[in-house]
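Accompanying notes for the structure given below.
The values are calculated or read from the model by the stated rules, or taken from the named source; none is laboratory data. Because the structure is predicted, anything quoted here is derived from the model rather than measured. Positions of Cβ are generated from backbone atoms using ideal geometry, with glycine treated the same way; all protein chains shown enter the neighbour counts. Protein only, heavy atoms only, side chains kept; ligands, DNA and RNA dropped before computing areas. Shrake-Rupley method; radii C 1.70, N 1.55, O 1.52, S 1.80 Å.
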Amino acid sequence: MILSKPEDERKQNEKLVTLSVCDVIQEADDVCTFRLDNQAGLLSPHQPGMFIKVCLDIRGNEVWRSFSISSSPFQPEQIDLTIKRNREGQASNYFFEQVQRGSQIRLKGPLGQFYYDPELHTEPLVLLCAGIGITPMMSIVRYLKDLDQNRACFLFYGARTHQDIIFDQETRQLMTQLPGFHYFLTLSQPVPHWLGYCGHLNFDFIISRIPQVTSCRFFLCGPREFNQEFSDRLQETGAPSELIHSEQFHKKRKIS
């Protein structure tokens, strides 16, 4: 489903603004949340799932990168960008090596058609993500908590190792706070004493734990192959294409 915005709002979100970093939170070995101070309201309110574009000056070159917002729209005074370090990349290394409290970040947004709208999206939610693809999903589930809605929501999260898991404690706490929230974590490279689910996310495993496929709304976020596989399988099983939203991480960002 493509949701259009008024032209004036779209132009406002394309304006370049500067926000300062008010906190840096270590989430995992190579993952940090960079919290931006938006108390002045320079960045417009976002819908959960949206991203912003960051403009970095790296050795005299202007480098643009997109990062999903992981914080809830109910806290517009702060914008969280949860970033995984790519040792071979430019932008993430810049954040980890150069950005600290007080740093100034130029950006524009919020942007994107990948987001949850509680008024339009009334179906049970199924969130499928791999790796750092959990970041827009956290914005959605945090939003559900802030709304205090007992909306049926199923979060399936695939990570590689125990060290790669992020937001695990918070997400498990949400299961006690939101009766309709269900969380499934699986590791593709678990340690021997791991007692949770093992392996990559499996389609049969997912559909065995959700309501009827045709009645759910799906949000997919991960590498291209991940999104394509689950989108194809869902449609083969009868899920309408307009109820499947996907966003691709890694290299070029693709939104549908």
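Tabulated values for the structure
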{"item": "Distance between modelled label sites at M175 and E77, nm, 7 Å Cα→Cβ extension", "result": "3.3 nm"}
{"item": "Theoretical ellipticity at 222 nm over the chain - DSSP helices of four or more residues, -39500 (n - 2.57) apiece, nearest 500", "result": "-6500 deg cm²/dmol"}
{"item": "Choice from Q235, Q169, Q113 with maximal GNM fluctuation in the chain (Cα, 10 Å cutoff)", "result": "Q169"}
{"item": "Per-peptide average of other Cβ atoms within 10 Å, ordering 20-31, 123-134 highest first", "result": "123-134, 20-31"}
{"item": "Computed magnitude of the charge dipole of region 6-78 (debye, nearest 20; Cβ of K, R +1, Cβ of D, E -1)", "result": "180 debye"}
{"item": "Accessible area per residue in Å² at 1.4 Å probe, computed on the chain", "result": "49 Å²"}
{"item": "Cut-off of 10 Å, at most 10 other beta carbons, DSSP loop: longest stretch of the chain lacking such trypsin sites (Lys or Arg not before Pro)", "result": "88-250"}
{"item": "From the coordinates shown, Rg and Dmax of the Cα atoms in Å corresponds to which of [x] 16.8, 55; [y] 17.8, 55; [z] 19.8, 79", "result": "[y]"}
{"item": "Region 202-217 - phi-based ³J(HN,Hα) in whole Hz, Karplus 6.51/-1.76/1.60, Gly and Pro as x", "result": "10, 4, 5, 4, 5, 5, 6, 10, 10, x, 3, 3, 5, 9, 9, 10"}
{"item": "Max mean-square fluctuation residue, GNM over the chain, Cα-Cα springs under 10 Å, options L220, L174, L195", "result": "L195"}
{"item": "Relative contact order (%) - the chain, alpha-carbon pairs under 8 angstrom, separation at least six", "result": "18 percent"}
{"item": "Selection from I105, A28, P223 lying farthest towards where the dipole of the chain points positive, charges on Cβ", "result": "I105"}
{"item": "Among Y115, L147, Y183 - extreme Cα towards positive end, dipole of the chain, charges at beta-carbon", "result": "Y115"}
{"item": "Restricting region 161-217 to chymotrypsin sites (Phe, Trp or Tyr not before Pro) in coil, as DSSP defines it, with at most 15 other Cβ within 10 Å", "result": "W194"}
{"item": "Portion, in percent, of the accessible area of the chain that falls on carbon or sulfur, probe 1.4 Å", "result": "46 percent"}
{"item": "DSSP-defined beta bridges in region 52-159 - what % are antiparallel, rounded to 5", "result": "65 percent"}
{"item": "Max mean-square fluctuation residue, GNM over the chain, Cα-Cα springs under 10 Å, options L185, L120, L155", "result": "L120"}
{"item": "Sparse-neighbour loop sites [chymotrypsin sites (Phe, Trp or Tyr not before Pro); region 32-136; at most 14 other C-beta within 10 Å; DSSP]", "result": "F74"}
{"item": "Paramagnetic label zone (point 7 Å from Cα along Cα-to-C-beta, S215; backbone N under 19 Å) in region 130-162", "result": "150-155"}
